[in-house]
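Participant: Can you read through this structure? Questions will come right after.
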């Protein structure tokens, strides 16, 4: 978090593209606190409670997407607004690092009889020590130990679902300004609205999974729902209709984020939560890298095409989910019901 704070502050002081690129490299390396937190939850929370806890965790994370865009939209219109926003983000990460340092427990009791931990010490000092002593050879050995023949579909699905959303949202501000002539302030309001929906969905996802009683089927249903939503977002002619479907998209992605993480941890329980979440984040990083470029090229043709491409990617993910249901049992496929 300290390096993340430095990266954001560096962007604020940047006077050239090279400095901005360097700052983004720093952020790409160190800004993974959300995934580390999910890995911690996977180890500390019993499996029966993980969906509810992850949903609540994502809800609190979404609160930042409620306050942040609205605040950022107003600050951006002030003189020197970008400098203020970048340094404010850095200060927030420093405060977050201080909170983690003070509140994170120094040890954690195993909550599952089958849980095998290489190290039970979870203090910030130990985490920093592990980062300093990172062993690339050990990392690639861990990757080779992954049962790719059993888990490849899981990573492909995560990539396609992530790509479908990122390719649509990566140039969202430009698309909104082109289609509906929306100002930066209203863009902030729209993002905050999305955060409100995501927060509500996160709090309800635990109850939803209990009501549905079948997480793989819920995952598939939400993916089909996302196909319809992205298609309608591409066709929307009025801003009101766009807002309605955009809120529905936030609902679908919030549910799939929680359920997908839960199913991934259950299917790959033998591989270790940290390795799975790390590899999943790597696939998502690839999606983040290529999506803005592809979206920008497509928007030169028509600003609505990225939404249709996102729908097509989600269709492919839905087909994989149907053919390879994300079973709870590690290494096995669920029988189609």
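Participant: Applying 1/(1 + (r/R0)^6) with R0 = 22 Å to the Cβ-Cβ distance of residue 67 and residue 100, what FRET efficiency is obtained, to the nearest 0.05?
Facilitator: Between residue 67 and residue 100 the formula returns 0.65.
Participant: Related question: Give me the percent relative contact order of segment 199-256, please, defined on Cα pairs under 8 angstrom at least 6 residues apart.
Facilitator: For segment 199-256, the relative contact order is 46 percent.
Values in this text are rule-based calculations from the coordinates and carry no lab data. What you see is a predicted model, and the numbers here were worked out from it, not measured in a lab. Cβ: placed from backbone, ideal geometry, glycine included. Neighbour counts: every protein chain shown.
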